[in-house]
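To start, the structure under review is shown below, and the notes come after it.
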Amino acid sequence: MTVLAEFYAAHSKLIDQVGLDALLALSLSISLQAGQLALAQAAFMGVAAYISAILALNAHWSLLPAMLVAALCSTIVAGLLALPVRRLRGIFLAIATIAFGEIVRIVANNLQISGGAEGLSGIPPDATTPWIYGTLILVAIGLWLFSRTKFALAIALVREDENAARSVGVDVGFVRFTTLAMGGAIAGLAGALYAHSNFFITPADFGFGRMEQILVWCVIGGITSPLGAAIGAALLTILPEAIRFLADYRDFVNGAILLVVVLFAPRGLAGIRLWRRG
Amino acid sequence: MKRPASYALALALTCALIPAAVVLPGLAATTKGPAAGKTVKIGVIADVTGSAAVYGLQQKDAYELANDDLKSGLLDAGGANLTFDVEDSASDGNQVANLFQKFTTDGSAMIVGPTLSGEARKGDPIAVLAKTAVVGTSTTADGITSIGPCVYRVSLAEAQVVPATVARTKAVWKYKTAAIIFGDDNAFTKTDGDIFKTQLEKAGVTIVDTETFHVGDKDFAASLTKIKAAKPDVIVLGALAEEAEKIIQQAATLGIKTHMMGGNGLNSTKIYDYAGPAAAGVVVGAAWSINGNYTGNTSFVQRFKKKYGVEPDQFGAQAYAAAQLSAQLVKDGKASKDEMCAALRDLRVAQTVLGPIAFDPGRDVKAAPVILQIEKGGFAYFH
Amino acid sequence: MVAQQLVNGLFLGAVYALFAIGYTLVFGVLDILNLAHAAIFMLAAFAAWSMIGAGLPLAVAAPLAIAGAGLLGIVLDRIAFAPLRRRGAPSLIALISSIGMAIIFGAIARGIYGPDERRFTLGFLQAPPLHAGPLTFTIVQLVILANAIVFMLGLAWVMRSTALGRGIRAVAEDRVAAALLGIDLERTIAATFFIASALGGVAGILTALQYNSVQVDMGGQIELKGLAVIVLGGMGSITGAVIGGFVIGMVETLAVVFGLSEWRDAISYGVMFLILILRPTGLFGKRALRTA
C-alpha cells in the first residue's frame, strides 16, 4: 500500500490532470457524436473556470456551489451559442466556434474582474483527486445511462444522416442544441475543477491551443466513443511526462504520434461522416 | 643596453602573470565546506521549448554552464557534489505542475525557476505546500514572493526598477508628456505598462496616448502613427525584446525621433542587433548590464559566448546568478531541503554576476537597478 | 494621419492577402483546412534566410525557397492527405493530420534553428523609407502589395485560361465527375498543393523581409487571422482571399485608430463569426453552403 501512496504523492498532479482532461474529452465527444464539429469546449471551460474562481476568491464560496453555478453558466453560454450556429455544418461550424472561443478569451483578457492578462491567482485548491474523479465517474455513468435512451439513438441518427433523421421526425435543431448544452455543462464542471486545482488561471489557458488539444484527444481515441475519447485524453496527457527522457525531441514525437494514429489507426475514425455534401 | 632588456623582461613576466592571475584563483577556488562530499541536486524548471523558449533556453544554457563550472572548480560548492537538474516545462502549465511535484518529492534541495510569472503562480504553491524553497530568476510580476514563506526571487521586479528609470530619465530629458505602448495579453508587459503609467503620473507627466499590442504582433504602424500624431515628449515601451525591437525600428521608419525608454524586457542585445541605428538613445531600466564588472560577469559572458555562440541576455545572467547563489549556500553547508529556506532568509549577501544581492524581508532581491542606454551598437550606462 | 493609417491598413492587408491565397486554394479544391500552411510559410522564410546567409543572392535564394515550398506542399499531401483521400475519411481527419504535420515541421525547424528570432534583412531593402506627401512607407511594403495583386491576377488567369486551371476547377466542383472526365486527379491535386504552398512560401519570405525577422513561431498569429480572411472573402475564392485580406488589415488598423486596439483581434473574429452566421459563403464564395 505504501508503494501506492508514494506513487500518488509523486504523481498526484498528473493523475488529476488525466481526470480533468478525460472530462474535457467527454464534453467534446457528445457534440461529435451528433456530428457537430463544435469546437468551443475550451471557451465553455474558461467561462466556468473564471466564474467559479471569482466566486471563490471574492465571495468565498466553497467548491460545490461554485462548481454548480459555474457549470450552469457555461451551459447557458453553450445554449446561447447553439442558436446562431444552428445552420452551420462541418468545417464552417468548426471555424465559427473557434472564432467564438477566441472572442471569449479576449473578453477575459480585457475585463478587470477576470484579472485581465494577469489572471486570477490564489484560488483555493479544493478540487482534490476525489472531487475530480468523483465528477468524472458521475458524468461517465450519466453518459452511459443516457446512451441507452431513445434520445441517444436520435443523436446517432442525426450524425449518420441528418435528412433521414428529419424525415423520421427527429427534431434536429433540438438534438444539436441539447448536445451542445450538455457539452457545455461537462466542460463547465471540468473548468471549475481546473481552476480549483491549479491555483491560477489566465485567459491563455482557454484559447485555441487548448481546444486543439481536446480535439486531438477525441480524434485519437475515437470520435464516436466517449470511452475512446477519455482514453485518448489520458494517454496524451501522460505522454509528455512519459517521454521526458527524449528531452528536445518530445515535440516531434507528439506530432509523429498524431500523424501515425490518424493515418494508420482508422478504428473509430472510419465510417463517421461528419462532413456531408450539401 | 641593459635597461630596455630588463624592462622587456619585466614586461614579459607581467604579461605572463596576468592570465595566470585570472585563471589560477579560479582553479584554486574549491574549498572544503561543511557539506563536502555530499550530493546535492537542485531542480531547475525552465521553458526550453514552447512559446517561452526564447527565455527558457537562455536559462537552461546558464545552468548547464554552471554545471560545467562546478566540475571545473570555477564555481565553488565547498567540495559538495552539486548539480542542477534542468527540466523542460515546455511552456505548458501542466508540465510546470508536474515538474514542481517531481522536484518536491525526489530529494531535490531547492527549486529554481519557473520561467514565467504565470507558471510561478501555478507551481510555487505546490512547493510551498511541500516546504521546498523556490528561487525565481525571471518572474517579475507582483505577488510572487507572497505566495509562500520560502519563495524568493533574484529578478528585480518592474516595480523596483521603473521608479528609478522614470526618475533618472526625467531629470535628464525633462519630459512633460508621454505615450505608452504595451502588450495587453502578457502578464509581464501589461504590468510593465501599468507601472510605468503610475510612476509617470506620479512624476507629474501627462500621458497623451496609450496603445496596446498582442505578443506576436509584427506590425505596429497603426499604433505608432497615432502616437506620432499625439506628439509625446517620450515614448514608453512595455514590451519584450521581439516586439520592442520592431516598435523601435518601425518608429524610425515613420520618422519618429522622440526619446524612448522601456523596462527589463528590452535588456537584450537583440534590440540593437535588429534595429541598428534606430535603437541609439533608447533607455532601458534593467537588472544587469552585459558590460558590468561584477563578480565573474565578464568571464561569464565570455564563457557563455564560447560555449553557445551567442551572448547571454538578462535571463541567462539571472539564471547564472541563482546558480552562484546556490553554490554559495551549499558551500556554507546547506545541503538538504529543510535547510535551504532558513539559509535564504539568513543570507547576508551573495556575490553574483548581477552584483552583490541580498533579500529584503519580502523575499525580493535587494539590488540596485541598472539604467542603461543603447549607443553605437551596445549598452552603456545612462547619464 | 488618417491617410497614413489607410496606407498602413493597406500594407498590413497585403500581407494577410498573400498568406490567404494559398490557404483558400486548398480549401476550395479539396475542402481541407490545411493548418500546416503556416508551417510551410515559416520554413520557406528560413530556407531563404539560410541560403542568403550562405552567400546566395536574393534573386537565387527566393525562387529556390519558393520552389522548395511548393515541393514541400506535395510532400505534405502525399504523407498527410492522400492516404486519407484513398480511405474516404472526412475532412476533420485531414485537419488533424495537418495539425500533426504542422507540429512536426515546427519541431524540425526548432531543432535546426532554435526558438530565437533571427534577423532577415538585405542591404538594398534597408533603403530609407519612401515618402509621398504626408505618407511614409518602405520598398518592401510596395513589393508585397504588388505581389498580392500580381498573384491574384496571375492565379485567376491560370484558373481561367490554362488546362491545369480548368482541371483544378473541375476537381473543386466535383471530384468524381472530374475523374470521369479523364482528369488525372492525383496530378491535379499535387499541382494545387504545389501552387498553394509556393504562394505560402512567397508570403513567408516577403513577410520575413517586411518585418526583418524569421522565427519558428512566425506562422502562429497569421494562421488564425488567415482563417478570418478566407471566411470573409469566401472559402475557395482567390479574389475573396485578397479582398478579404485588405478588409481585415483595414479593420485592424481602424480598430487602433478608434482606440479599440485591445479588441482588435476580437473584432476580426467577430467579423468572421458574423459572416458565417449571416452569409457563410463570404463576400465572393461561390460554393453553395450546406444548410439545414
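Checking C:Phe46 against (1) out of contact with any strand residue (DSSP E or B) (no Cβ under 7 Å at 6 or more places or on another chain); (2) within 22 Å of A:Tyr249 (Cβ to Cβ), only one condition comes out false. Which one?
Of the numbered conditions (1) out of contact with any strand residue (DSSP E or B) (no Cβ under 7 Å at 6 or more places or on another chain); (2) within 22 Å of A:Tyr249 (Cβ to Cβ), the odd one out for C:Phe46 is (1).
Filter region C:139-193 down to the residues that are basic (Lys, Arg) and loosely packed, with under 15 Cβ neighbours inside 10 Å, then identify the one that is modelled with the highest pLDDT.
Ranking the candidates gives C:Arg187 first.
With under 14 Å from A:Gly46 (Cβ atoms), among the β-branched types (Val, Ile, Thr), touching a helix residue (DSSP H, G or I) at 6+ places or on another chain (Cβ under 8 Å) and open to solvent by less than 20 Å² (accessible area, probe 1.4 Å) as the only criterion, which of A:Ile223, A:Ile214 stands out?
The conditions single out A:Ile214.
If you check C:Ala228 against the conditions, is it farther than 20 Å from C:Leu30 by Cβ, buried (at least 22 other Cβ atoms within 10 Å of the Cβ) and within 14 Å of chain A (Cβ to nearest Cβ)?
Taking the combined requirement at face value, the residue satisfies it.
Exactly one condition in (1) open to solvent by less than 10 Å² (accessible area, probe 1.4 Å); (2) in contact (Cβ under 8 Å) with a residue 40 or more places away in the chain; (3) among the polar types (S, T, N, Q) is not met by C:Ser261; state its number.
Every condition holds for C:Ser261 apart from (2).
Considering only region A:102-148, state which residues are surrounded by 17 or more Cβ atoms within 10 Å (Cβ to Cβ), away from chain C (no Cβ under 11 Å) and polar (S, T, N, Q).
If the condition is that a residue be surrounded by 17 or more Cβ atoms within 10 Å (Cβ to Cβ), away from chain C (no Cβ under 11 Å) and polar (S, T, N, Q), then A:Ser114, A:Ser121, A:Thr135 are the ones that fit.
Among the residues of region C:90-117, write down those that are free of Cβ contacts under 8 Å to residues at least 60 places away in the same chain, surrounded by 21 or more Cβ atoms within 10 Å (Cβ to Cβ) and either out of contact with any helix residue (DSSP H, G or I) (no Cβ under 6 Å at 6 or more places or on another chain) or more than 9 Å from chain A (Cβ to nearest Cβ) (or both).
Correct list: C:Pro90, C:Leu92.
For every residue, the table says whether it meets (1) among the hydroxyl-bearing types (Ser, Thr, Tyr); (2) touching a helix residue (DSSP H, G or I) at 6+ places or on another chain (Cβ under 7 Å); (3) modelled with pLDDT of 90 or more.
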| residue | (1), (2), (3) |
| --- | --- |
| B:Thr225 | yes, yes, yes |
| B:Val236 | no, yes, yes |
| B:Ala252 | no, yes, yes |
| B:Gly262 | no, yes, yes |
| B:Gly265 | no, yes, no |
| B:Gly281 | no, no, yes |
| B:Thr295 | yes, no, no |
| B:Lys305 | no, no, yes |
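This table checks each residue for (1) more than 14 Å from chain A (Cβ to nearest Cβ); (2) part of a loop (DSSP other than H, G, I, E, B); (3) within 26 Å of B:Pro312 (Cβ to Cβ); (4) open to solvent by 10 Å² or more (accessible area, probe 1.4 Å).
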position	(1), (2), (3), (4)
B:Lys131	no, yes, no, yes
B:Asp142	no, yes, no, yes
B:Pro149	yes, yes, no, yes
B:Leu156	yes, yes, yes, no
B:Val161	yes, no, yes, no
B:Thr165	yes, no, yes, no
B:Val172	yes, no, no, yes
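Any idea which of (1) hydrophobic (A, V, I, L, M, F, W, C); (2) assigned to a helix (DSSP H, G or I); (3) more than 10 Å from every other protein chain (Cβ to nearest Cβ) is the one C:Leu56 doesn't satisfy?
(2)
The values are calculated or read from the model by the stated rules, or taken from the named source; none is laboratory data. Predicted model only: the values in this text are computed from it and were never measured. For neighbour counting, all protein chains shown are included, and Cβ atoms are generated from backbone atoms with ideal geometry for every residue, glycine included. Heads up: the accessible areas ignore ligands, DNA and RNA and are worked out on the full protein's heavy atoms, side chains in. Shrake-Rupley method; radii C 1.70, N 1.55, O 1.52, S 1.80 Å.
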